[in-house]
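Let me begin by presenting the structure, written as structure tokens, before commenting on it.
The values are calculated or read from the model by the stated rules, or taken from the named source; none is laboratory data. This is a predicted model, so every value here is computed, not measured. When we count neighbours, we look across all protein chains shown, and the Cβ atoms used for this are built from the backbone with ideal geometry, even at glycine. Note: accessible area is taken over every heavy atom of the protein model, side chains too, but ligands, DNA and RNA are not part of it. Shrake-Rupley method; radii C 1.70, N 1.55, O 1.52, S 1.80 Å.
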Amino acid sequence: MSELIEKLNRLKKERNAVILAHYYQNAEIQDVADFMGDSLALAQEAKKISADVILFCGVHFMAETAKILNPTKTVLVPDMDAGCSLADSAPPELFRKWVDEHHDHVVISYINCSADVKAMSDIICTSSNAHKIVNSVPLDTPICFAPDKYLGSYLAKKLGRDMVLWNGSCQVHEIFSESEVINLMHQFPDAAVLAHPECPENILDYADFIGSTTAIIKEATTSAKNDIIVLTESGIIHQLKKIAPHKNYIPVPSLEGCACNECPYMKLNTIAKMVSALETLQPEIIMDESLRLRTLRPLERMLELS
Ligand code: 13P
Ligand code: SF4
């Protein structure tokens, strides 16, 4: 591995590249990243990058967002198959029909969606700014929220706002077992339960804190609690251990259980694929310019409001 990492660092210099990575990446990728963040922070960082190449270690919609916001850069991904079940739950042709059926609604789309869906939306949001974005819409204006029905219903309940919801979900956050959460809460009665808002309501009901990956990291590492039950993808635990190694982080299901709290798309990326991407400048995110311009408007609206 150390030889591969040396090669990666050499290629990074030769290509004038920057590595951006999401918290759900494998530990070894987190350790070589130049910048780590949640979806919003990664988008904000990507927009500012002056290096020639962005090697984006996350999933496709995140790298695509980087390309939309910083189009003159070469945006590479380690594996083009690193998709997202939530983004896939909103096929553009069905989404078009839904938007047309609700033409008097403001359409807010979670950033976990394709460029085509973004282009049909009025504003984009992430889990860290969704409250602000929904609250920016006048109270008398109806809202359509897509594609995550769980984030949508969490926001609707929290903000007292009726919204028409798209029926999409994330396969990782949807699968947490309620009985496993209850077991762990009995085993660790003083634990803080921290959850991502992509979890269903029956899981969020147990959470002491609900937030984006960055917000969860901040809460876990600064809270007075020592035991932390983590209701999001398990990759985040590597980052938590780096920041506050003395604490006890408990993934759900337990480590002895299945690996269904791992995002199979995020985990497609490897150091070897990163080396190959910098060597060959492939796979590269390529975008049609007219589609890019249509996606830029709702993304810029989000960035202005964040
Ligand atoms: P964050 O914006 O909280 O990083 O979430 C991204 C994601 O894909 C969660 O599944
Ligand atoms: Fe998509 Fe879920 Fe993976 Fe996040 S964890 S990238 S929402 S499939």
| task | Filter the stretch 67-85 for residues that are within 15 Å of ligand 2 (Cβ to nearest atom) and not acidic (Asp, Glu) and give the result. | result | 77, 78, 80, 82, 83, 84, 85
| within 20 Å of residue 235 (Cα to Cα), polar (S, T, N, Q) and open to solvent by 20 Å² or more (accessible area, probe 1.4 Å) - does that describe any residue in the stretch 84-93? | yes
| Residues located in the stretch 80-107, provided they are more than 15 Å from ligand 1 (Cβ to nearest atom) and either without any contact (Cβ under 8 Å) to a residue 24 or more places away in the chain or among the aliphatic types (A, V, I, L, M) (or both) | 80, 91, 93, 94, 97, 99, 100, 101, 103, 106, 107
| When residues of the stretch 226-247 are limited to those that are buried (at least 19 other Cβ atoms within 10 Å of the Cβ) and in a loop (DSSP other than H, G, I, E, B), the one farthest from ligand 1 (Cβ to nearest atom) | 234
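Per-residue answers, yes or no, for (1) in contact with a helix residue (DSSP H, G or I) (Cβ under 6 Å, 6 or more places away or on another chain); (2) under 25 Å from residue 42 (Cβ atoms):
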position	(1), (2)
206	yes, no
220	yes, yes
225	no, no
229	yes, no
233	no, yes
242	no, yes
| remark: Going through the stretch 1-46 in order, the residues found to be touching a residue at least 40 places away in the same chain (Cβ under 8 Å), assigned to a helix (DSSP H, G or I) and within 16 Å of ligand 2 (Cβ to nearest atom) are 29, 30, 39, 40, 41, 43
| Tally time: how many residues in the stretch 159-176 are loosely packed, with under 15 Cβ neighbours inside 10 Å and away from ligand 2 (no atom under 16 Å from the Cβ)? | 3
| note | Among 139, 55, 94, the single one that is among the hydrophobic types (A, V, I, L, M, F, W, C) and in a strand (DSSP E or B) is 55
| query | What residue, among those in the stretch 215-225 that are part of a helix (DSSP H, G or I) and aliphatic (A, V, I, L, M), is surrounded by the fewest Cβ atoms within 10 Å (Cβ to Cβ)? | reply | 215
| said: Of everything in the stretch 183-210, what is within 15 Å of ligand 2 (Cβ to nearest atom) and hydrophobic (A, V, I, L, M, F, W, C)? Give them in sequence order. | reply: 195, 199, 203
| request: Say whether the condition of being touching an Asp or Glu at 6+ places or on another chain (Cβ under 7 Å) and of a type in the set (A, V, I, L, M) is met by at least one residue in the stretch 125-141. | output: no
| note | When the stretch 248-299 is checked residue by residue, the ones that are of a type in the set (Gly, Ala, Ser) and either at pLDDT 95 or above or under 22 Å from the mean Cα position of the chain (by Cα) (or both) are 259, 272, 276, 277, 290
